[in-house]
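The values are calculated or read from the model by the stated rules, or taken from the named source; none is laboratory data. These figures come from a predicted structure and were not determined experimentally. Quick reminder, even Gly has a Cβ in these numbers, built from the backbone with ideal geometry, and neighbours come from all protein chains shown. To get the accessible areas, we keep the full protein, side chains included, count just its heavy atoms, and leave off ligands, DNA and RNA. Shrake-Rupley method; radii C 1.70, N 1.55, O 1.52, S 1.80 Å.
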Amino acid sequence: MSRIVYVNGDYVHEEDARISVFDRGFLFADGVYEVAAVIGGKLVDNEAHLVRLERSLSELKMGCPVPISEIPIIQRELVTVNEIDEGMVYLQVSRGVADRDFNFPKKEQPSLVMFTQDRPVSGSPKAARGIRVITHPDIRWKRRDIKTVQLLAQSMAKEAALSAGADDAWMVEDGFVTEGSSNNAFIVTTDGVLVTRQLGNDILHGITRRAVLEIAAEEGLRVEERAFTVEEAHRAAEAFSTSASALVMPVISIDNKTISQGVPGPVTQKLRERYIALARETAT
Ligand code: PDD
């Protein structure tokens, strides 16, 4: 069944959606995006996603065709018409149509596109068994805090993972893990310390990451926001990644080294359960 998608003011069947070949999102990856999870037909942590969208736009001096405050109305309409109980809503703002020129157009007409994806989120079978990751060089640009649609380096990392018989890649720069290809990376050390890289320009400031750190603090876990090496990850007691699409995803091997006896670890499971409960409670 064809989805209803949103394109610049119109709700249309996906096969009828049209974007110009001159759209700068298409020609220059000159666009930013957000993904919000849907649980029970409601949006998870959406306000925080929209705050980050505003920041991404402002860092790139890009406008938004509708006030940010109107975006949830469109998101909810798509969730309703596509009858999404669990899944996500993707939204993308690009700098819009202009004749091909590296400089930003003087008069820009940004474009806004949104669509839904229908898939299990809280009851994901992958989360029940955990995923295998490989480490892979992080070849991305230096402003990873901006959520742009230039995702080829991440696609290449995920392809490398698939070729190696794994599910995902954790990216590595100067011997330290930056983040997962589309998620933030966490380990629990054998001393029980939860470690994830500190915020900066070299990782995306994950919305799920922040919520999970708050839960960890409430749980009384010791937390260190710092870079960790590949070797430290190999030796970890537990590992997981966080994202809007996979929530808290247990990692059971890193570069073929088994983590947590090859099953989701207790700290990871606790954080996943608590995050899902919080998401259900606070979704809007
Ligand atoms: N990815 N790091 C990267 C590189 C990401 O692409 C993402 C999200 C995250 C996690 O951020 P959040 O918790 O706010 O989703 C971290 C989305 C889900 C995607 O590209 O599909």
Heavy atoms only, 1.4 Å probe, whole protein assembly: order R119, R144 by accessible area, highest first. R119, R144
Taking 0.36 nm per residue of separation between R226 and K257 and subtracting their Cα-Cα distance, the length gained on full extension comes to 8.9 nm
In this structure, the FRET efficiency calculated for E70 and E273 from their beta-carbon separation, with R0 = 45 Å, to the nearest 0.05, is 0.85
Of all the accessible heavy-atom surface of segment 125-282, with the other protein chains kept in place and a 1.4 Å probe, what percent is carbon and sulfur? 52
Counting other Cβ atoms within 10 Å, which GluC sites (Glu not before Pro) in segment 15-49 have at most 13 and lie in a DSSP loop? none
Between R210 and D16, how high is the FRET efficiency from 1/(1 + (r/R0)^6) when r is the Cβ-Cβ distance and R₀ = 35 Å? Nearest 0.05. 0.40
For F176, what accessible surface area do you get with a 1.4 Å probe? Give it in Å², rounded to 10. 80
How do L91, L278 rank by accessible surface area computed with a 1.4 Å probe, from largest to smallest? L278, L91
In Å², rounded to a whole number, the accessible area per residue of the chain with probe 1.4 Å is 48
Hey, what's the Cα Rg ratio for the chain versus the globular rule of thumb, 2.2 N^0.38 Å? 1.01
Potential lengthening between V51 and E77 on full extension [0.36 nm per residue; Cα-Cα distance subtracted]: 7.3 nm
Would you give the gap between the C-alpha center of segment 214-261 and the C-alpha center of segment 38-69, rounded to a whole Å? 27
To one decimal place, what orientation-averaged projected area in nm² is obtained for the convex hull of the Cα set of segment 125-282? 8.6
Protein-only accessible surface order, largest first, of W141, W170 at 1.4 Å: W141, W170
